[in-house]
Amino acid sequence: MGIDGVLEGLERRDPAALARAISLVENQSDGYERVLSHLHARLGRGGSRRIGITGPPGAGKSTLTERLIQHYRGRGLRVGVIAVDPTSPFTGGALLGDRIRMESASHDPDVFIRSMATRGAHGGLATTTEEVADLLEAFGFERILIETVGVGQTELDVARTALSTVLVLVPESGDGIQTLKAGVMEIADVYVINKSDRPGADKLRAEVEVMLGIRQGNAFRHVRAHHAPADRRTAGPPDRPAEGWDPPVIATIASRGEGVAALADALDRHYGALEVGGRLVARRRERLAQRTRAALERGVRQWIAVAAQVDDLLERRLDDVVDGRRSPYEVAAEILDQMKAGAGR
Ligand SMILES: Nc1nc2c(ncn2[C@@H]2O[C@H](COP(=O)(O)OP(=O)(O)OP(=O)(O)O)[C@@H](O)[C@H]2O)c(=O)[nH]1
Ligand SMILES: [Mg+2]
């Protein structure tokens, strides 16, 4: 299927064309930018919401994702899922996608599940994830769930591409509070204490609530309300945490579907909070600026590699650098000069 075939297939809402488009984007194959450009005008019209679900391994993210799919399907919404596993080169993500697909959504054309691992992300996992989510949105999915394993920087970057981020914690993981201290608190809009059928769930929930109370500092908020300029109070920063939103802590038993409606409700309320005061619009502008920069950076990187024949030149000069006759900086400057000469032609 060539690029024209992909574009045509997307018009027809052909799932095979969607799968092909995702592969193009993942691998940054020739024409992927044309596909994304073509679909751009369809994005950001409202109606499609991205939800990031992150947390430590085995916390029940996939089980929760599956329950959310059922919940949204019950409301007649089309659901796309991107399961990202930055920690594993392939298997984790693939297994995860297969498992969900087999259990509940195998014959539902309004559910689409795609696994993504690091192998499929040449230019930054977060950007690629966001681009794949764009494809899903343009295709007509109204809820896009992005599951990522782990709570490191990469995972958080991926989770932050979503409008709302859910952090799933569990009593037995033991890293609940450490996770919070590592700054993860800053990124989540909704906290889930999953496996609430297990001992220690109430305690963890209480700990998280205390921590959130400390972070938000009611006294501080009161002071700010009196002294902050009016425009800052209403508009707020384009990224989270959203002012006027107190992240809730929700107990769930994903394996039994308990608490899932409450989670979906919290996500709806969070969306509502973002809509107020134009935060949604501001967030979108910011992300599009970032995306344009990312596209430019990719382009420049490719251009350097090709136009300056960096590898050839480096190969020829490396002996000199190793022997101390030239420094890495001199060689880099030489490459740069060559590029400038080329660009002037
Ligand atoms: N007791 C109990 N078990 C649960 C609950 N939710 C999920 N599980 C079980 O926990 C295990 C892990 O669930 P997953 O949904 O695969 O967890 P995950 O966070 O997606 O795991 P990774 O993607 O590997 O990080 C499975 O055996 C689930 O059946 C729960 O609320 N209570
Ligand atoms: Mg999982």
Self-check item: Looking only at segment 133-159, and only at residues there that are more than 14 Å from ligand 2 (Cβ to nearest atom) and more than 24 Å from VAL35 (Cβ to Cβ), the one that is surrounded by the most Cβ atoms within 10 Å (Cβ to Cβ)
Solution: LEU156
Practice problem: From the list GLU137, GLU147, pick out the single residue that is within 23 Å of TYR191 (Cβ to Cβ), among the acidic types (Asp, Glu), touching a strand residue (DSSP E or B) at 6+ places or on another chain (Cβ under 7 Å) and at pLDDT 85 or above. | Solution: GLU147
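Out of ARG67, ARG73, report the one residue that is within 13 Å of ligand 2 (Cβ to nearest atom) and either modelled with pLDDT of 90 or more or in contact with a Gly (Cβ under 8 Å, 6 or more places away or on another chain) (or both).
So the residue among ARG67, ARG73 that is within 13 Å of ligand 2 (Cβ to nearest atom) and either modelled with pLDDT of 90 or more or in contact with a Gly (Cβ under 8 Å, 6 or more places away or on another chain) (or both) is ARG67.
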Quiz item: Do we find that ALA251 is closer than 28 Å to TYR72 by Cα and out of contact with any Asp or Glu (no Cβ under 7 Å at 6 or more places or on another chain) in this structure?
Solution: yes
Exercise. Answer yes or no as to whether ASP268 is modelled with pLDDT of 90 or more, of a type in the set (Asp, Glu) and over 30 Å from ARG49 (Cα atoms).
Key: no
Quiz item: Which residue out of ALA273, ALA264, ALA295, ALA305 is under 18 Å from the mean Cα position of the chain (by Cα) and among the small types (Gly, Ala, Ser)?
Solution: ALA295
Exercise. Could you please let me know if GLY299 is modelled with pLDDT under 90 and in a helix (DSSP H, G or I)?
Key: yes
Quiz prompt | Of all residues in segment 182-213 being hydrophobic (A, V, I, L, M, F, W, C) and more than 19 Å from ASP246 (Cα to Cα), the one that is modelled with the highest pLDDT | solution = ALA201
Quiz item: How about segment 47-89: which of its residues are farther than 17 Å from LEU136 by Cβ, β-branched (Val, Ile, Thr) and more than 16 Å from the chain's Cα centre (by Cα)?
Solution: THR63
Quiz item: From the set of residues in segment 18-55 that are surrounded by 22 or more Cβ atoms within 10 Å (Cβ to Cβ) and either of a type in the set (Phe, Trp, Tyr) or within 15 Å of ligand 1 (Cβ to nearest atom) (or both), which is farthest from ARG285 (Cα to Cα)?
Solution: GLY55
Practice problem: Filter segment 10-27 for residues that are out of contact with any Leu (no Cβ under 8 Å at 6 or more places or on another chain) and either part of a helix (DSSP H, G or I) or within 21 Å of ALA289 (Cβ to Cβ) (or both) and give the result. | Solution: GLU11, PRO15, ALA16, ALA19, ARG20, SER23, LEU24, GLU26, ASN27
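The values are calculated or read from the model by the stated rules, or taken from the named source; none is laboratory data. Every value quoted in this text rests on a predicted model; they were computed, and no experiment measured them. Glycine also receives a Cβ, built like all others from the backbone with ideal geometry; neighbour counts cover every protein chain displayed.
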